[in-house]
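Student: Quick one: this structure, given as structure tokens, is what I'll be asking you about.
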Amino acid sequence: MSTLVCFALKEEAAPFHKVAAQRPGVFTIIVGIGRQNAEKSVRRFLASCSPELVLTCGFAGGLNPDLKIGDVVFELPLTPSLSSSDGERVAQPGEELSAKLLAAGAKPVKFFCTDRIATTVAEKKTLREQTGADAVEMESAAIHAVCAEKNIPCATVRVVSDTADEALPLDFNALAKADKSLDFGKLAWAIARSPGKIGALMALQKKTQLAAQQLAEVLSKIL
């Protein structure tokens, strides 16, 4: 099955690139942060290629307190049950993918796609209460919408990079450019003003590297 795997950031995709290189028919693209960037990138790719499956992957913030760093979580759109000519139920592609994900150790969850990074424990708690979601991310809704328009199956497969009970060391929303990419000048200034954050930022980097590796391992088992 030809598959397009979408990541917002190259750091999310790095461990999986080695896997994709050994899988004919598996393509990866970096779509950028946020819905607008994701929609634009996916539309551009689908203008010239028609994969049989699209996966929206990368990091997700935990909203459910039970989720831990490195947990791979997924959500598949509901599909109606079909029957064969003799009345027997026919398994849908989404069910087969779900079974593979479960066998690989991934957990089914409800995602909420937001327009900003949830950086504080209070913000995550509010999102959990308002949406009932288990995890939050920023691109999948746009990617699912484009795929639905083109009748291409799409699933969200992400990895928890920060939990519900931990705040990020900096407000990365305030450090973003207009296109939502990180402004390294603002980042350097924020660190200069709060050098005590360096340790927390290094710890976050280690967590995200671990998370990206965990995601790549699960993806390697299902593709």
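Student: Would you kindly derive the ³J(HN,Hα) couplings of the stretch 138-155 from the backbone phi angles with the Karplus curve 6.51 cos²θ - 1.76 cosθ + 1.60 (θ = phi - 60°), listing them in order in whole Hz, with x for Gly and Pro?
Tutor: Values per residue, Gly and Pro as x: 10, 10, 4, 4, 5, 5, 4, 5, 5, 5, 5, 4, 9, 6, 10, x, 9, 9 Hz.
Student: So what is log10(I(q)/I(0)) for the stretch 120-183 at q = 0.20 1/Å, when the Debye sum runs over its Cα atoms only?
Tutor: -1.01
Student: May I pose another question? What is the helix-to-structure angle for 10-20, meaning the angle in degrees between its Cα long axis and the longest Cα principal axis of the chain, kept from 0 to 90 and rounded to the nearest 10?
Tutor: 40 degrees
Student: I need the Kirkwood Rh of the chain: take the reciprocal of the average 1/r across all distinct C-alpha pairs and report it in angstrom.
Tutor: 18.2 Å
Student: Quick check on the chain: helices-only [θ] at 222 nm, where DSSP H runs of length 4 and up contribute -39,500 (n - 2.57) each and the sum goes over total residues. Nearest 500, please.
Tutor: Theoretical 222 nm ellipticity from helices: -13000 deg cm²/dmol.
Student: While we're here: Relative to the present Cα-Cα distance, how much length would full extension add between Ser194 and Thr126 at 0.36 nm per residue of separation?
Tutor: That pair, Ser194 and Thr126, stretches by 21.8 nm at full extension.
Student: For Ala174 and Lys100, calculate 0.36 nm times their separation in residues minus their Cα-Cα distance, and state this gained length in nm to one decimal.
Tutor: 22.8 nm
Student: Work through the residues other than Val73 whose Cβ is under 12 Å from its Cβ and net out their charges, Lys, Arg +1 and Asp, Glu -1.
Tutor: Overall, the nearby charge balance is -1.
Student: Between Gln205 and Ala167, what FRET efficiency comes out of the Förster formula 1/(1 + (r/R0)^6) with R0 = 22 Å and r the beta carbon distance, rounded to 0.05?
Tutor: 0.90
Student: Applying 1/(1 + (r/R0)^6) with R0 = 35 Å to the Cβ-Cβ distance of Glu52 and Leu187, what FRET efficiency is obtained, to the nearest 0.05?
Tutor: Approximately 0.35, to the nearest 0.05.
Student: For the stretch 171-223, what is the Kirkwood hydrodynamic radius in Å, using each pair of distinct C-alpha atoms?
Tutor: Taking every pair of different Cα atoms in the stretch 171-223, averaging 1/r and inverting gives 13.0 Å.
Student: What order, most packed first, do the peptides 122-134, 146-158 have when packing is the mean number of other Cβ atoms within 10 Å of each residue?
Tutor: Per-residue Cβ counts within 10 Å, averaged per peptide and sorted highest first, yield 146-158, 122-134.
Bear in mind that the values in this text are calculations on the coordinates, not laboratory data. All values reported here derive from a predicted model rather than from experimental measurement. FYI the Cβ positions are ideal-geometry reconstructions off the backbone, even for glycines, and counts take in every protein chain you see.
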